[in-house]
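Let me begin by presenting the structure, written as structure tokens, before commenting on it.
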Amino acid sequence: MWSAAAATRLLRTHADLHPEAAGTTVALLTPLPDLTLRPRLYQADPAGFRVPLDRVLGPVGVRRIAATATAVDTGRRRVTAVAADGSRTEVGYRRLVLATGSAVVRPELPGAPLLHDIDTLAAAVRLEDHLRALPQAPDGPGRWSAVVVGAGFTGLELATELVGRLRAKAAPCGAEGQVRVILVERAAAVGEGLGEAARPVIIRALDELGVERRLGVTVTGLDEHAVHLSDGSALPARTAVWTAGMRASALTERIPAPRDGLGRLAVDARLRVSGVEGSIYAAGDTAAAMAEDGHPVPQSCQHATPLGKVAGHNAAADLLGLPPVGFAPDPYSTCLDLGAAGAVATAGFGRTLRRGPDGFAKELKRAINETWISPPVDDPEELLRRADHRVSQRQSAPHPA
Ligand SMILES: Cc1cc2nc3c(=O)[nH]c(=O)nc-3n(C[C@H](O)[C@H](O)[C@H](O)COP(=O)(O)OP(=O)(O)OC[C@H]3O[C@@H](n4cnc5c(N)ncnc54)[C@H](O)[C@@H]3O)c2cc1C
């Protein structure tokens, strides 16, 4: 979305000087009519965490093609795509930005279809529907217990939020006291990738909310009543959610270019895919770009937005023969929601704690979720202002930091 907006912005800026700019169409090929606000999918009532793309990009003339890309022919510069009715189509391009994101890697184990995830809006809505049905479910062991697999960023946000979500469902049944949320983590500690400084805050929050931990084990299988662990034990639970491991969209494998361990395409500083003919750019979770001080970007919303803008800008600049811009994101920071126990914010790849007034991190998280990550709707001028790669997410909207 931000690539399409940034390309449109540059083409409009140069429409008077470059006749080519006026004659160029920007198209967004995507199966869904909405942008999913993916970072919010751990929260209750996820069905509304989406923004209609036609009301964001329609007013600036971006054409939406409702289809799923299945192959890219870099030599012929054509994308093969399949529409919802199964019909196949080919779309030609002069410049291509691949921004098909990432997907959680679901495990293959007995009972795997029973595992929920919160990777997509549809999956998060399925989990919400499942929780809503619990009050009508037969009583018995594990009815109010949820196992969250993976104590990384997504698992921690979900586990801490699930305590309140499950209690709200259990309360009318007088079963609030039976709610259990259990984090299962293969590593020896929670939040391994989130830094030493944040861990005591995270552990305090888990203790405050009563989130149990089973560390150093993994899931070997599950059925409708229990989750089975690698140490031979079983946790009675009717709800299990898998959050471990993300991988770049499989479409990256259709581009003949080097990829990193997460399946992301190697790109240069202007986000052009390395070693492939045909002017392809990658953005967001499909791009192995570099952030500050030689750190590869994490698969994060914080980086996906500026990556999108720079890739879109450069794709259009390339068409017009204008110089490209380099990718230079804001310094890395994180903000982890801890449900009713607050939130914790870190700065830099060293992940030092960001301190502020009481409730600062929670307020920051609220601003990110409710304002920063939402594009302007029915407001072409504001969209094009924010599509400028020099405007950061922080500058896009009011925030408490
Ligand atoms: C539960 C959860 C919580 C998160 N929390 C945070 C957070 O707090 N902070 C943070 O920075 N990041 C967070 N992230 C990560 C963040 O959401 C991603 O890094 C970000 O969404 C990546 O943006 P993207 O545009 O690259 O990909 P996506 O958001 O995945 O978008 C990709 C789009 O491409 C479409 N698509 C996929 N395949 C095809 C195809 N073959 N053809 C056509 N279209 C296709 C998809 O439908 C989707 O619309 C979270 C992710 C999850 C799942």
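Annotations
- Whichever residue in segment 26-59 is in a loop (DSSP other than H, G, I, E, B) and touching a Lys or Arg at 6+ places or on another chain (Cβ under 6 Å) and, among such residues, is most open to solvent (accessible area, probe 1.4 Å): 44
- Considering residues of segment 70-79 that are more than 9 Å from the ligand (Cβ to nearest atom) and surrounded by 15 or more Cβ atoms within 10 Å (Cβ to Cβ) only, the residue nearest to residue 251 (Cα to Cα): 72
- In segment 283-294, the residues that are on the phi > 0 side of the Ramachandran plot reach residues that are of a type in the set (Gly, Ala, Ser) and in a helix (DSSP H, G or I) with C-beta atoms within less than 7 angstrom, at least six apart or across chains, in these pairs: 284/304; 284/308.
- Cβ pairs under 6 Å, 6+ apart, first in segment 169-192 and in the same structural domain as residue 207 (by TED's automatic domain parsing), second open to solvent by 20 Å² or more (accessible area, probe 1.4 Å) and not in a helix (DSSP H, G or I): 170/179; 182/212; 183/213; 184/214; 185/215; 186/218; 188/215; 188/216
- Total residues in segment 97-115, condition within 16 Å of the ligand (Cβ to nearest atom) and open to solvent by 20 Å² or more (accessible area, probe 1.4 Å): 7
- Verdict on residue 346 being within 25 Å of residue 183 (Cβ to Cβ) and in contact with a helix residue (DSSP H, G or I) (Cβ under 9 Å, 6 or more places away or on another chain): yes
Residues are listed down the side, and each one gets a yes or a no for (1) without any contact (Cβ under 8 Å) to a residue 60 or more places away in the chain; (2) within 13 Å of the ligand (Cβ to nearest atom):
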site	(1), (2)
303	yes, yes
306	no, yes
311	no, yes
315	no, no
320	no, no
330	no, yes
336	no, yes
345	yes, yes
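- Residue identified as open to solvent by 30 Å² or more (accessible area, probe 1.4 Å), more than 17 Å from residue 234 (Cα to Cα) and either under 29 Å from the mean Cα position of the chain (by Cα) or within 16 Å of the ligand (Cβ to nearest atom) (or both) among 159, 133, 151: 133
- When residues in segment 60-69 are screened for being open to solvent by 40 Å² or more (accessible area, probe 1.4 Å) and in contact (Cβ under 8 Å) with a residue 60 or more places away in the chain, 0 of them pass.
- All strands (runs of 3 or more DSSP E) inside segment 210-286 with 3 or more residues being modelled with pLDDT of 95 or more, of a type in the set (Phe, Trp, Tyr) and not assigned by TED's automatic domain parsing to the domain that holds residue 184: none
- With respect to the conditions (1) open to solvent by 80 Å² or more (accessible area, probe 1.4 Å); (2) touching a helix residue (DSSP H, G or I) at 6+ places or on another chain (Cβ under 7 Å); (3) not hydrophobic (A, V, I, L, M, F, W, C), residue 13 lacks only one, and its number is (2).
The values are calculated or read from the model by the stated rules, or taken from the named source; none is laboratory data. Since this is a predicted model, take the numbers as computed values, not measurements. Please note: Cβ atoms are built from the backbone with ideal geometry, for glycine as well, and neighbour counts cover all protein chains shown. When the accessible area is computed, the model is the full protein with side chains, heavy atoms only, and any ligands, DNA or RNA have been set aside. Shrake-Rupley method; radii C 1.70, N 1.55, O 1.52, S 1.80 Å.
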